[in-house]
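Let me begin by presenting the structure, written as structure tokens, before commenting on it.
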Amino acid sequence: MNDRLITVVGGSNWDMFTYTKELPKAGETIKGTDFKTSFGGKASNQCVQAALLGSKCSIITKLSQDIFGQNILKNYKDHNVDCSNITIVPDVPSGIATIIVDSHGENEIIIVGGSNATFTTTDIDNAKPTIDKSLLLLCQLEIADEINLYALKLAKLNKKTKTILNPSPMPKDLNLVKELLEYVDILVVNKHEFNDLAAFDEQHKGNQNTDLKHMEEKSKSIFSRHTQLNVLIVTLGSKGQVLITRSNGCTMIESNINVVAVDTTGAGDSFLGSLAHYLVESSNEPEYTNQKWVDCIKKASKVAAISVTKYGTQTSYPSIKQVEDFKF
Ligand code: ADP
């Protein structure tokens, strides 16, 4: 099973949601109406979703010794995630997101990096044996860019490990992403991130059009700038996804899935974790044909669609059994 390993590098958060009628003004103390906590962080979400589907996963992350860090560690263990590349850092808080939501859905969010801000390249070096035996390395942009760059470069030193980047949250300085993309095989973006990347090219600036013709044009610029990149997947929410490969161009994968969406938070991470799972599951087949990509994307989009039928992020992610039993 080790040869089917998925390794995820990135942050782990503890999310705290406080619900109120109105957001408090500076200096004001008000009563809240509800409170919820959840595990969060894009790396954590993607890793847990892949593990829920049955993949062997390892996470390279840093956790605080505080009560939240202890809970996050237990969550990984409960999902059979390999914890040998988790470093516990003393004297720093956990990565915490404090989210205040009012009755109109408006929110105020404060994110404290905590243990996620303590990553060094040594943490990645220490995880090299795991990266080297992984089929996939997944990165997002919630931890420092130089750490992601280091991890992606390290993974590309061996022929076996394919790299996936989900450039979210997209940094203001897009040149950072440009450098990262030199070491990325598979790029997964939503339509906003896709348009941001396309805007590197003067002719696509301000063009938000996501019909296939425009996407094909924009992706040509992206592929010509990044020679390592072979596959680009653009998620379009309830509409489906577009698969764009260097060799076969654009394929629209319409979503024929009918679900009642109650909360789409974390749907992108569910899609990423599921895609990684289905890619490694079919990795014993001789080659990644266009059809194989389409099949994996369709399966991942089914999982992500199930996730939007429930509230929360990880709490809404289905296990493989729940996917098999789900009636669309
Ligand atoms: P992000 O959450 O990163 O903005 P998207 O909104 O494109 O990304 O959603 C990611 C994936 O989640 C989609 O490709 C789709 O598979 C699934 N998804 C999101 N919203 C819905 C929805 N309303 N109905 C069904 N599936 C959805």
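Throughout, read-outs are computed from the coordinates displayed, never taken from laboratory work. Please read all numbers here as calculations on a predicted model, not as lab measurements. With ideal geometry, Cβ positions are generated from the backbone for all residues, glycine too; neighbour counts draw on all protein chains shown.
So the values come out like this:
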item	result
Whole-angstrom Cα spans of the stretch 173-229 along principal axes, big to small	28, 21, 19
Most fluctuating residue given options 36, 178, 25, as computed from a GNM of the chain linking Cα atoms under 10 Å	25
Per residue convex hull volume, Cα atoms of the stretch 57-144, in Å³	129
Length added when fully stretched, residue 133-residue 121, from 0.36 nm per residue minus Cα-Cα	2.4 nm
R0 of 25 Å, Cβ-Cβ distance residue 248-residue 281: FRET efficiency to nearest 0.05	0.70
Calculated FRET efficiency for the pair residue 205/residue 294, C-beta based, R₀ 30 Å, to 0.05	0.45
Rounded to the nearest 20 debye, dipole of the chain from Cβ charges on Lys, Arg, Asp, Glu	700
Gaussian network model of the chain, Cα within-10 Å springs - most flexible of 28, 217, 193	28
Label-point separation in nm, residue 25 to residue 309, each point 7 Å along Cα→Cβ	4.5
The chain: most fluctuating residue of 271, 39, 17 per GNM, C-alpha cutoff 10 Å	17
Paramagnetic reach from residue 257 in the stretch 276-296 [backbone N under 15 Å; point 7 Å along Cα→Cβ]	276-279, 294-296
Length-normalised contact order of the chain in % [C-alpha pairs under 8 Å, at least 6 apart]	18
Positive-end residue, the chain charge dipole about Cα centroid, Cβ charges, pick of 183, 103, 288	288
The stretch 84-134: proportion of alpha-carbon pairs further apart than 19 angstrom, %	50
